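Below: the structure, in structure tokens.
The values are calculated or read from the model by the stated rules, or taken from the named source; none is laboratory data. The structure presented is a predicted model; accordingly, all values stated were derived computationally and were not measured. Note: ideal-geometry Cβ built from the backbone for every residue, glycine included; neighbour counts use all protein chains shown.
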Amino acid sequence: SQKIEQNSEALNIQEGKTATLTCNYTNYSPAYLQWYRQDPGRGPVFLLLIRENEKEKRKERLKVTFDTTLKQSLFHITASQPADSATYLCALERSSARQLTFGSGTQLTVLP
Amino acid sequence: DGGITQSPKYLFRKEGQNVTLSCEQNLNHDAMYWYRQDPGQGLRLIYYSQIVNDFQKGDIAEGYSVSREKKESFPLTVTSAQKNPTAFYLCASIPRGEGRQPQHFGDGTRLSIL
């Protein structure tokens, strides 16, 4: 069956360091992958989308990579700040168009 | 500002009771979705609708029902048949168009059992 795993439930890092979050998937061949941020008690907010033919995508301090051979996406936040503390979700396209399957998320805490 | 409004923010259900969660969007989006989120789990798809008067079951539709009578509205009813309804419910939408579009989410309704 199709499966998405995000590396760990929680990740703590020191302010100013780079946070790296992992999303691994099996039994998928997604054409694209998305990353979302979710704050407590709020809905997810879209951050980045990367297509299968793109190796890397950047937006300000955010960087996403997509390795379809390894079936893995890495999400990086450089120069992390306490305001980056949140849960980050990866989502993959399903075989049915316009539907996503979400990972369980990684809770990131940036310590001042 | 355009967006998705979910109401109420918190909802309590008694045993044997049906409750309806509201989702309204003014983004002129065509497709709408309902997800359930439990602690430590990803979002699970309950129902989705691509156009008005049409909707399909997602992965966990049992015990839920929806309607899509208007483009901007996609209410979810949690019926008494749903034996474990306590969860955080999220509504999302995407626009029509070629290419892949990110989903826009509301801020959720937290449902609890009395």
Right, B:Gly40: at positive phi and either within 13 Å of another protein chain (Cβ to nearest Cβ) or in contact with a strand residue (DSSP E or B) (Cβ under 9 Å, 6 or more places away or on another chain) (or both) or not?
-> yes
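A quick yes/no check of all residues on (1) exposed (fewer than 15 other Cβ atoms within 10 Å of the Cβ); (2) over 15 Å from B:Gln37 (Cβ atoms); (3) within 12 Å of another protein chain (Cβ to nearest Cβ); (4) of a type in the set (Asp, Glu):
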| residue | (1), (2), (3), (4) |
| --- | --- |
| B:Gly58 | no, no, yes, no |
| B:Tyr64 | no, no, no, no |
| B:Lys83 | yes, yes, no, no |
| B:Ala92 | no, no, yes, no |
Positions within segment B:98-110 being at pLDDT below 95 and more than 10 Å from chain A (Cβ to nearest Cβ), in sequence order | B:Glu98
Taking A:Glu9 as the residue in question, decide whether it is charged (D, E, K, R), within 14 Å of chain B (Cβ to nearest Cβ) and within 12 Å of the chain's Cα centre (by Cα).
-> no
Taking the condition in contact with a Lys or Arg (Cβ under 7 Å, 6 or more places away or on another chain), buried (at least 16 other Cβ atoms within 10 Å of the Cβ) and small (Gly, Ala, Ser), does B:Ala31 pass?
-> yes
Considering residues that are more than 13 Å from every other protein chain (Cβ to nearest Cβ) and exposed (fewer than 15 other Cβ atoms within 10 Å of the Cβ), the number found within segment A:22-66 is 8
Please tell me if A:Glu54 is of a type in the set (Asp, Glu) and either in a strand (DSSP E or B) or under 14 Å from A:Leu100 (Cβ atoms) (or both).
-> no
